[in-house]
1. As a footprinting exposure proxy, order Val45, Val220, Val306 by other Cβ within 10 Å, with the fewest listed first.
2. If each of Ser63 and Met262 carries a label point 7 Å out from its Cα toward its Cβ, how far apart are those two points in nm?
3. Have a look at the stretch 448-584 and give its Rg and Dmax from the Cα atoms, expressed in angstrom.
4. Where the convex hull is taken over the Cα atoms of the stretch 419-526, what is its projected area averaged over directions, in nm²?
5. Viscosity 0.692 mPa s, temperature 37 °C: give me the Stokes-Einstein translational D for the chain in µm²/s, with Rh taken as the Kirkwood radius over C-alpha pairs.
6. By counting other Cβ atoms within 10 Å of each Cβ, how are His444, His128 ranked from fewest to most?
7. Rank these for me by crowding, Asp218, Asp395, Asp209, Asp62, going from fewest to most other beta carbons within 10 Å.
8. Starting from the amide H of Ser227, placed 1.01 Å from N in the peptide plane, find each other amide H under 5 Å away whose residue is 5 or more places distant or on another chain.
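What follows draws every value from the coordinates through simple rules; no lab data is involved. In this text the structure is predicted, and so the values were computed from the model without any measurement. All Cβ positions, even for glycine, are placed from backbone atoms using ideal geometry, and neighbour counts span all protein chains on display.
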Amino acid sequence: MSATIPKTALPHPEFEREGKRYRHTAPNIEQWDIYKISEDREAFVKALEASSAQRIIQEAGDSLPDVLSKTIFSEQERTKNEPWKVDPPQERSYWKRLAKMLATQSLDQDEPTSADEAARNILQRIVHRYSEEIVGTFKIPTFHFARRFLTFFFGRLLNAATGRTFRSLFSKKILLQEKLLVRGYVEQVRTLSEKGTLVMVPTHFSNLDSILIGYALDQVAGLPAMSYGAGLNLYNTGYTAYFMNRLGAYRVDRRKRNPVYMATLKMMSKLLIQRGVPSIFFPGGTRSRSGALETKLKLGLLGTAVEAQRARYQQGRNEKIFIVPVILSYPFVLEAQFLIEQHLRLEGQDRYIKAQDSFHSLRSIMKFVWGVFSKGNQITITLGQPLDVLGNRVDQDGKSYGLNGRHVSTREYFRDQYGKINKDLQRESEYTRLLANQIVKRYHYDGIVLPGHLVSYAAFIMLERTFIKDDLYAILRLPAEDFYFRKDALVKVVGQLRDRLIEMEAEGKAKIAAELRESAEQIIIDGIGNIGNYHIDKPLKYDPTGRIVSDNFSMLYYYHNRLSTYGLRGRLTWPKEMIGDERKE
């Protein structure tokens with residue numbers, strides 16, 4: 001039997017562990033800030049153009065022609081080497097014409113011919129083009145339709161119907177809040193949404209994340225719709241483009257890395273937040289290819305929240321901007337196989353040799369598809385401890401508290417030596433780094449650890465310990481079909497890791513699912529039962545003789561990585577034998 005489960009202090013009283021559905025904080029959609037901005041889209045675009053151009057001119061100074069030259073050259077290369085269907089017609093000729101204008105320093109004979117004015121005119125044209133592309137709209141009828149469709153979609157995906165038969169897949173009795181769980185500091189976040197502006201900063205594991213989070217915040221947590229950046233590639237398909245254009249998303253073209261586009265995109269985020277539109281963006285920048293929680297965040301869009309807070313204070317406004325870390329805890333990730341192979345190719349290069357694809361019969365594929373729908377699954381979305389733009393903890397009333405527990409005034413951090421609130425980008429970049437560090441901490445402290453995470457982590461570190469002289473890529477080349485995990489050893493390792501996680505929870509450094517308070521044996525059963533639901537090649541499974549095996553060590557490594565940044569190995573006592581080898585038996 002596993003060790004006795006240690007007693008711990010109760011979790012933070014404001015942290016809600018049970019998922020439930022909440023009443024909407026603002027049921028009248030016409031009062032949502034995202035709708036108001038959309039209704040006045042033309043004025044917002046003009047404000048975006050003016051603010052972006054002013055920022056670029058200030059930062060570029062005398063080197064504005066060089067900035068424009070780099071921008072136009074990069075756009076000519078993009079239109080030549082990476083054209084998309086969604087691109088405007090005759091785009092190559094447009095950028096070619098601008099290149100000629102910049103070279104001659106004149107737009108035509110009727111316009112100013114000075115180099116400075118010509119550069120500013122060209123900048124204005126480019127910023128206008130980018131602004132019109134980036135700014136989306138929000139249409140209430142489309143939003144209502146999306147609500148209904150996503151309720152059906154996620155209900156089917158998570159088998160939210162009460163039955164477990166094929167007929168139940170089409171049942172109208174949907175209990176989605178039982179399968180799509182919103183936990184954490186939910187009531188506090190809901191209260192803060194009425195006192196200031198929310199900026200959600202989620203972890204990123206799947207292409208489903210944006211839709212999933214947006215839907216859950218609206219239909220489960222009862223919060224108004226939020227603005228978010230959607231990749232322009234999603235607009236290549238007619239149906240997708242129709243909805244994305246009308247649901248408040250702003251377009252992000254990741255092919256464009258030039259300074260003018262990046263400045264306009266950041267200004268878009270800043271103005272939205274400054275004007276009170278709640279926002280979502282992924283500070284990790286892209287999906288986690290390894291399966292690990294993000295430890296390094298991109299500071300660009302995150303810094304726009306800091307700038308927006310300072311701009312509000314300069315306007316004499318007191319409303320604060322609240323940063324809410326959002327942690328997704330999937331028992332599975334649909335793209336796991338693709339993501340981990342990308343990660344291993346990038347990190348290992350010639351050391352990583354992809355295992356040969358296994359053959360799957362039609363019967364096995366159909367069995368897999370049925371397993372997707374016939375097994376109940378849950379996805380947990382945790383709303384972490386809300387922070388101010390400096391990374392300080394905030395309470396239910398929106399007051400900020402420093403590391404020493406004392407109340408601090410966020411406004412005071414934006415004053416210069418004369419007591420005036422001023423713009424200081426170097427100072428604000430340091431604030432952004434402080435904020436990023438606190439977000440990473442909250443990802444680890446508030447994210448719910450599931451049984452599948454723990455069992456996968458335990459199994460893979462047992463594999464590493466057994467083949468201690470081999471590096472990661474040598475282990476991944478081992479034939480998974482020849483090995484099995486000794487059950488008694490796995491029970492001991494899982495028990496120790498569970499005990500350490502419970503201790504960390506008492507210290508406020510982790511949150512665990514209720515299932516992790518069961519015995520190690522039961523945790524293993526739960527973990528193996530959930531983690532492989534969406535994969536034909538199982539990270540872990542029971543073979544016909546009841547032994548615990550893996551179909552794919554790379555997949556096991558991916559799910560192991562969810563806990564790889566928690567520092568759990570330090571005090572482990574290793575069983576003598578952990579891995580069985582059929583070749584030697």
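1. Ascending Cβ contact count within 10 Å gives the list Val45, Val220, Val306.
2. 1.2 nm
3. 14.0, 45
4. 11.1 nm²
5. 125 µm²/s
6. His128, His444
7. So the residues, fewest neighbours to most, are Asp62, Asp395, Asp218, Asp209.
8. Under 5 Å from the amide H of Ser227 lie the amide H atoms of Ser279, Ile280, each far enough along the sequence or on another chain.
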